[in-house]
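Input: a single structure, listed below in structure tokens.
The values are calculated or read from the model by the stated rules, or taken from the named source; none is laboratory data. Note that the coordinates shown come from a computational prediction; the quantities given were computed from them, not determined experimentally. Don't worry about glycine lacking a Cβ; one is built from the backbone with ideal geometry, like all the others, and counts go over all protein chains shown. We work out accessible area using only protein heavy atoms, side chains counted, and drop any ligands, DNA or RNA first. Shrake-Rupley method; radii C 1.70, N 1.55, O 1.52, S 1.80 Å.
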Amino acid sequence: MKYRTVVMYMEIGCFVSCLCGWILVCSTLPTEYWTFSEVGSIVLTTSNYYSNLWRDCISDTTGVSDCKDYPSMLALPGFLHACRALAVCAVITGFFGGVLTLVGMKCTKIGGSEIANARVTFAGGLTYLFSGFCAMITYSWWANRVITEFLDPNFRAQKFELGAAVFVGWGGSVLLLAGGGVMTFFSGKEGLPSSSSDMPRRPRTYATARTRRTYMLPPASSRVTLVPPLFYEGRKTRTPRAPTTTFRSYNRDDFV
């Protein structure tokens, strides 16, 4: 199997992985089960509280549930604003990463040359990596906050536990990071320029280069020229001009 075919199948697998991860991350945003808590001493009067980035919800054993959005955006803590921003960035960058990857993949043949397609795919892989990092930071930060409040003995408010949406988001983030990393590695090897050590080197100055004439000369008279060869040869063929001196005779009346 050719190397190009292997890279093509690898790009397809990475794209499918990133697409599945992006769908999982998107599915957690409207889901309310980021945190949940069960309150009640009697089975018939048990109430369940659960919340996400946008609202709080409550349900009981009778099947009645009610959700309420956060009343004031400015009254929310900075932690919640940061998680919202990171989650939205993860969704947006994941979408653009999919567009770039579809354009640059070898199997689609939408782009131009092989190097141009590899560079577009490399940009898509980096975008997927950024999306995965944003999503991973969001779910990890949220989980750390919930676990810290739950284990804090001095925290008197209602304590919550991790919901199913956080674990789904972690799985999607891992798929985004894994697919984006492998895609970036393979496309970067092909699309990015190689190191300058493989390219032919030119002499930096005329002092380090020897002309054809210096190689033809005997070893004793061989020397390194410090000026361009053509200019040096032109100067040697010039015949020196004899200095001409003009004398002018003066009369006595010229000074009167």
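Take the stretch 108-161, drop everything but the C-alpha atoms, weight them equally and run the Debye formula without solvent; then report log10 I(q)/I(0) at 0.24, 0.25, 0.29, 0.31 Å⁻¹ to two decimals. Taking Cα atoms of the stretch 108-161 as identical point scatterers yields -0.88, -0.90, -1.02, -1.08.
The largest accessible area among Phe36, Phe79 belongs to the first residue in Phe36, Phe79, and the rest follow in falling order (1.4 Å probe, all chains). Divide, for the stretch 40-172, the radius of gyration over alpha carbons by 2.2 N^0.38 Å, where N is the residue count. Taking the Cα Rg and dividing by 2.2 N^0.38 Å, one obtains 1.47.
Just to confirm, what accessible area per residue do you get for the stretch 1-144 at 1.4 Å probe, in whole Å²? Please report the intermediate quantities before stating the final value.
Working: 7800 Å² over 144 residues.
Using a 1.4 Å probe on heavy atoms only, each residue of the stretch 1-144 averages 54 Å².
Overall, the stretch 1-150 carries a charge dipole of about 880 debye about its Cα centre when +1 sits on the Cβ of Lys and Arg and -1 on the Cβ of Asp and Glu, all other atoms neutral. The value for the stretch 62-134 of Rg(Cα) / (2.2 N^0.38 Å) is 1.70. In summary, the lysines within cross-link reach of Lys2, defined as a Cα separation below 26 angstrom excluding same-chain residues under 8 places away, comprise Lys106, Lys109, Lys189. Taking packing as the residue-averaged number of other Cβ atoms within 10 angstrom, the listed peptides 129-135, 81-87, 15-21, 68-74 run from highest to lowest as 129-135, 15-21, 81-87, 68-74.
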